[in-house]
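**Q** One structure, as structure tokens, below. Some questions next.
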Amino acid sequence: MTNVTQSRDRQIKSPVLPDNDWRLLLRLLPYARRSGKLFFISFGLLVPLAIANAIQPLIIGQAISKIRNETTWDFVRDLSMLDGLNLLTLILMGTVIIRLILTAIQGYTAQRIGQQITADIRNDLFDRVTSLAVRFFDRTPVGKLITRLTSDVEALGDVFTNGAIGIVSDLLSIFVMIYYMFMLQWQIATMLLVMMIPVAALVIYFQHEYRKANYRGREELSLLNSMVQENVVGINVVQLFRREKYNAELFRTIRDRYVKEIDKTNFHDSAVSATLEWISLVAIAGVLWMGGLMVLDKTLEIGTLAAFILYAQRLFDPLRQFAEKFTAIQAGFTAVERINDILNEPIEIKDVDDAQRLHLTHIDSAAQGEICFEHVWFAYNDDDYVIRDLDFTIKPGEKIALVGPTGAGKSSIIRLLCRLYEPTKGRILVDGVDIKNITQAELRRYLGVILQDGFLFAGDVRTNITLGEDYTEAEIVEAAKSTNIDRFITQLPQGYDTKLRERGSNLSAGQKQLIAFARSIIRNPRILVLDEATASLDVGTEVLVQDALNRLIIDRTAIIIAHRLSTIRNVDRIFVLKQGTLVESGSHELLLQQGGLYASLYQLQMLGT
């Protein structure tokens with residue numbers, strides 16, 4: 001347990017924060033421009049809102065001055081006491097109504113902007129993730145991706161709805177109030193302004209610490225999500241090998257680390273609120289003290305002092321809200337930084353601009369389907385090569401089997417051919433064209449790949465065969481019949497419309513594999529690749545599939561990976577691999593006569609039967 005915990009501990013390091021966090025906000029500006037009209041409305045309302053908020057203490061101060069027969073505005077001075085108070089009350093109520101209406105409109109537009117930006121970023125992030133090479137997913141846990149697509153993106157919405165727009169509003173309110181305070185009495189205004197400087201520095205410090213704790217907290221949350229996903233997917237192994245207690249203890253360890261970091265964020269957030277609450281009381285006391293002395297010296301009127309007391313209260317309200325919204329901004333910065341890691345992830349495999357399109361031809365054309373590996377080397381990590389100087393040509397319509405011990409590189413050859421990975425050295429040609437110069441969509445339509453694990457999506461049988469492409473009902477039924485699974489599908493409760501649960505959990509492994517066969521065949525591929533495609537089938541199902549395969553591979557180039565050597569006796573050639581190197585090549589009979597690695601593997605299997 002200690003080793004596992006330490007291993008996960010090493011995954012969470014102190015974040016290296018950017019020199020200028022606000023540069024991260026620039027990454028969101030293209031998304032904000034898409035909501036330009038709403039932004040204009042939202043920001044345009046901030047000025048009247050700030051003025052309406054800042055003028056209210058002045059109106060109240062004027063009312064007190066009117067009651068005490070002190071100096072008032074010209075249009076109030078000549079009115080009677082009752083008329084003057086009524087007029088000031090109407091003006092005050094007008095500012096309140098204006099603030100209510102404008103706040104509602106501004107809040108609604110800000111929420112609309114945030115939701116639109118969140119939706120756009122999530123779409124772009126999803127498109128980016130699905131465009132990345134398989135190598136990226138080899139090193140990135142699924143739980144981390146889910147966290148970034150969900151909670152991190154939600155945090156970005158707060159950057160605008162409760163963050164950037166709100167901060168501009170609060171800053172504008174502060175500046176407008178400071179302006180009016182200096183218009184009233186510059187000494188008291190200066191005192192309040194000086195008090196704000198150390199408070200602002202303290203808020204910035206606490207927010208910086210909040211940012212670091214929030215970053216670590218989100219990383220721990222990613223680990224939690226990864227572990228949940230891993231245990232749900234592998235629940236059979238967890239229960240069969242009684243790992244519930246061990247995994248629960250490991251989960252609690254990560255959870256405790258997550259709670260610890262969240263406690264830190266809550267502490268720094270609360271520290272800001274407590275500091276501002278305390279300083280606002282000190283500010284009011286300072287205004288009373290200085291203003292009281294000036295009233296006694298008859299250099300300040302009571303109405304003006306009352307206005308300053310209200311300003312002292314209100315001045316720190318935007319600062320408090322600023323701190324709360326800055327917290328949302330900091331959480332958003334963390335989310336932007338983590339999402340940027342994905343958006344900036346280079347797309348390793350992409351189509352070139354002048355891609356030579358390889359179009360499908362009629363299945364009877366025997367001149368299509370040549371595959372050529374020219375001195376291909378490949379390593380998943382640095383120079384740890386799993387494929388070493390492979391150099392061979394598969395002729396159109398030829399049937400080839402790849403055999404060899406586990407780890408020999410058989411599946412890696414298929415991944416390279418399908419361009420899920422790029423060769424480290426050398427090149428791969430299909431019909432004389434480098435696959436780098438063929439669009440990925442065209443290449444993968446040209447190839448029909450059937451893997452050992454037939455993955456199914458939630459939905460019905462029909463959509464799992466078509467995968468969203470347009471095929472007629474006759475084409476779907478024909479594909480099912482050609483793979484001998486039409487009878488099985490018609491026996492399902494709703495036939496082709498039968499709903500499948502996640503990963504096709506309401507079907508057997510053999511049934512899922514049969515649907516995967518039909519999915520590939522309906523696209524009429526020129527090259528058929530079978531990666532242990534019949535390994536999960538029972539004997540009866542395998543007979544049906546083998547009969548279908550015997551017909552499907554006619555006039556098609558076929559590459560077959562099989563551990564059961566008895567199933568590949570009739571192929572044209574067998575490639576024998578060892579540690580990524582092609583060590584033998586020939587027919588079944590020829591390789592047995594040579595008495596090499598293939599003959600040894602075959603004899604071992606015969607002894608085991």
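**Q** Is there any pair with a first residue in region 457-476 that is assigned by TED's automatic domain parsing to the domain that holds Thr490 and on the phi > 0 side of the Ramachandran plot and a second that is surrounded by 16 or more Cβ atoms within 10 Å (Cβ to Cβ) and assigned to a helix (DSSP H, G or I) whose Cβ atoms are under 9 Å apart and which are 6 or more apart or on different chains, and what are they?
**A** Once the first residue is assigned by TED's automatic domain parsing to the domain that holds Thr490 and on the phi > 0 side of the Ramachandran plot and sits in region 457-476, its partners that are surrounded by 16 or more Cβ atoms within 10 Å (Cβ to Cβ) and assigned to a helix (DSSP H, G or I) give Leu467/Arg519.
**Q** Are there any pairs, at least 6 apart or on different chains, whose C-beta atoms fall under 8 Å, with the first in region 261-283 and in the same structural domain as Phe206 (by TED's automatic domain parsing) and the second surrounded by 17 or more Cβ atoms within 10 Å (Cβ to Cβ) and among the β-branched types (Val, Ile, Thr), and if so, which?
**A** Once the first residue is in the same structural domain as Phe206 (by TED's automatic domain parsing) and sits in region 261-283, its partners that are surrounded by 17 or more Cβ atoms within 10 Å (Cβ to Cβ) and among the β-branched types (Val, Ile, Thr) give Asp269/Thr327; Val272/Val203; Val272/Thr327; Thr275/Val199; Thr275/Val203; Leu276/Val199; Leu276/Val203; Ile279/Val199.
**Q** Please tell me if Leu85 is in a helix (DSSP H, G or I) and over 17 Å from Thr304 (Cα atoms). Walk me through it before giving the result.
**A** Working: in a helix (DSSP H, G or I): yes; over 17 Å from Thr304 (Cα atoms): no.
No; evaluated as a whole, the condition is false for this residue.
**Q** Out of all the residues in region 123-143, which are buried (at least 17 other Cβ atoms within 10 Å of the Cβ) and free of Cβ contacts under 8 Å to residues at least 40 places away in the same chain?
**A** Within region 123-143, just Thr140 meets the criteria.
**Q** Considering each residue of region 482-503, count those that are more than 36 Å from the chain's Cα centre (by Cα), among the charged types (D, E, K, R) and surrounded by 15 or more Cβ atoms within 10 Å (Cβ to Cβ), and give that number.
**A** Number of matching residues: 1.
**Q** Given the criteria surrounded by fewer than 18 Cβ atoms within 10 Å (Cβ to Cβ) and under 28 Å from the mean Cα position of the chain (by Cα), does Glu469 qualify?
**A** Working: surrounded by fewer than 18 Cβ atoms within 10 Å (Cβ to Cβ): yes; under 28 Å from the mean Cα position of the chain (by Cα): yes.
For Glu469, the condition - surrounded by fewer than 18 Cβ atoms within 10 Å (Cβ to Cβ) and under 28 Å from the mean Cα position of the chain (by Cα) - is met.
**Q** Which residues, counting only those in region 575-605, are modelled with pLDDT under 85 and of a type in the set (S, T, N, Q)?
**A** Gln603, Gln605
**Q** It is to be established whether one or more residues within region 513-536 are surrounded by 14 or more Cβ atoms within 10 Å (Cβ to Cβ), polar (S, T, N, Q), over 27 Å from Arg388 (Cα atoms) and modelled with pLDDT of 80 or more. Even if it seems obvious, please write down each step before you answer.
**A** Let us first name the residues in region 513-536 that are surrounded by 14 or more Cβ atoms within 10 Å (Cβ to Cβ), namely 513-536.
Restricting the remaining residues to those that are polar (S, T, N, Q) gives 513, 520, 524, 534, 536.
Pick out the ones that are also over 27 Å from Arg388 (Cα atoms) and you get 513, 520, 524, 534, 536.
Now drop any that are not modelled with pLDDT of 80 or more, which leaves 520, 524.
For region 513-536, residues surrounded by 14 or more Cβ atoms within 10 Å (Cβ to Cβ), polar (S, T, N, Q), over 27 Å from Arg388 (Cα atoms) and modelled with pLDDT of 80 or more: present.
**Q** Report whether or not Ile98 is aliphatic (A, V, I, L, M), within 53 Å of the chain's Cα centre (by Cα), within 21 Å of Gln185 (Cβ to Cβ) and surrounded by 12 or more Cβ atoms within 10 Å (Cβ to Cβ).
**A** On the way: aliphatic (A, V, I, L, M): yes; within 53 Å of the chain's Cα centre (by Cα): yes; within 21 Å of Gln185 (Cβ to Cβ): no; surrounded by 12 or more Cβ atoms within 10 Å (Cβ to Cβ): yes.
No: the conditions fail for Ile98.
**Q** If you don't mind, there's one more thing I want to ask. From the residues in region 555-569 that are part of a loop (DSSP other than H, G, I, E, B) and in contact (Cβ under 8 Å) with a residue 24 or more places away in the chain, which one is farthest from the chain's Cα centre (by Cα)? Talk me through it step by step, then tell me what you get.
**A** First, the residues of region 555-569 that are part of a loop (DSSP other than H, G, I, E, B): 555-556, 562-564, 569.
From what is left, the residues that are in contact (Cβ under 8 Å) with a residue 24 or more places away in the chain are 555-556, 562-564.
Values: Asp555: 43, Arg556: 40, Ala562: 37, His563: 38, Arg564: 41 Å.
Within region 555-569, the match that is farthest from the chain's Cα centre (by Cα) is Asp555.
**Q** Checking Ala201 against (1) surrounded by fewer than 20 Cβ atoms within 10 Å (Cβ to Cβ); (2) more than 22 Å from Trp278 (Cβ to Cβ); (3) among the aliphatic types (A, V, I, L, M), only one condition comes out false. Which one?
**A** Only one criterion in (1) surrounded by fewer than 20 Cβ atoms within 10 Å (Cβ to Cβ); (2) more than 22 Å from Trp278 (Cβ to Cβ); (3) among the aliphatic types (A, V, I, L, M) is unmet by Ala201, namely (2).
**Q** Return the residues of region 261-318 that are surrounded by fewer than 21 Cβ atoms within 10 Å (Cβ to Cβ), under 18 Å from Asn69 (Cα atoms) and of a type in the set (Val, Ile, Thr); say none if nothing qualifies.
**A** Selection gives Val295, Thr299, Ile302.
**Q** Which of (1) in contact (Cβ under 8 Å) with a residue 40 or more places away in the chain; (2) of a type in the set (Lys, Arg); (3) over 30 Å from Gly332 (Cα atoms) does Arg34 not meet, given it meets every other one?
**A** Going through the list (1) in contact (Cβ under 8 Å) with a residue 40 or more places away in the chain; (2) of a type in the set (Lys, Arg); (3) over 30 Å from Gly332 (Cα atoms), Arg34 breaks only (3).
**Q** Here is a follow-up. Please give the number of the condition Gln207 fails out of (1) of a type in the set (S, T, N, Q); (2) modelled with pLDDT under 75; (3) touching a Gly at 6+ places or on another chain (Cβ under 9 Å).
**A** (3)
**Q** Out of Arg99, Arg77, which single residue is of a type in the set (Lys, Arg), closer than 22 Å to Ile174 by Cβ and free of Cβ contacts under 8 Å to residues at least 60 places away in the same chain?
**A** Checking each option against the conditions leaves just Arg99.
**Q** Further question on the same structure: For region 35-51, enumerate the residues that are among the hydrophobic types (A, V, I, L, M, F, W, C) and assigned to a helix (DSSP H, G or I). Give the derivation first.
**A** Taking region 35-51 and keeping what is among the hydrophobic types (A, V, I, L, M, F, W, C), we get 38-41, 43, 45-47, 49-51.
Answer for region 35-51, where residues must be among the hydrophobic types (A, V, I, L, M, F, W, C) and assigned to a helix (DSSP H, G or I): Leu38, Phe39, Phe40, Ile41, Phe43, Leu46, Val47, Leu49, Ala50, Ile51.
The values are calculated or read from the model by the stated rules, or taken from the named source; none is laboratory data. What you are looking at is a predicted structure, and each value in this text was computed from that prediction instead of being measured. Because the Cβ atoms are built from the backbone with ideal geometry, glycine has one as well, and the counts that use them run over all protein chains shown.
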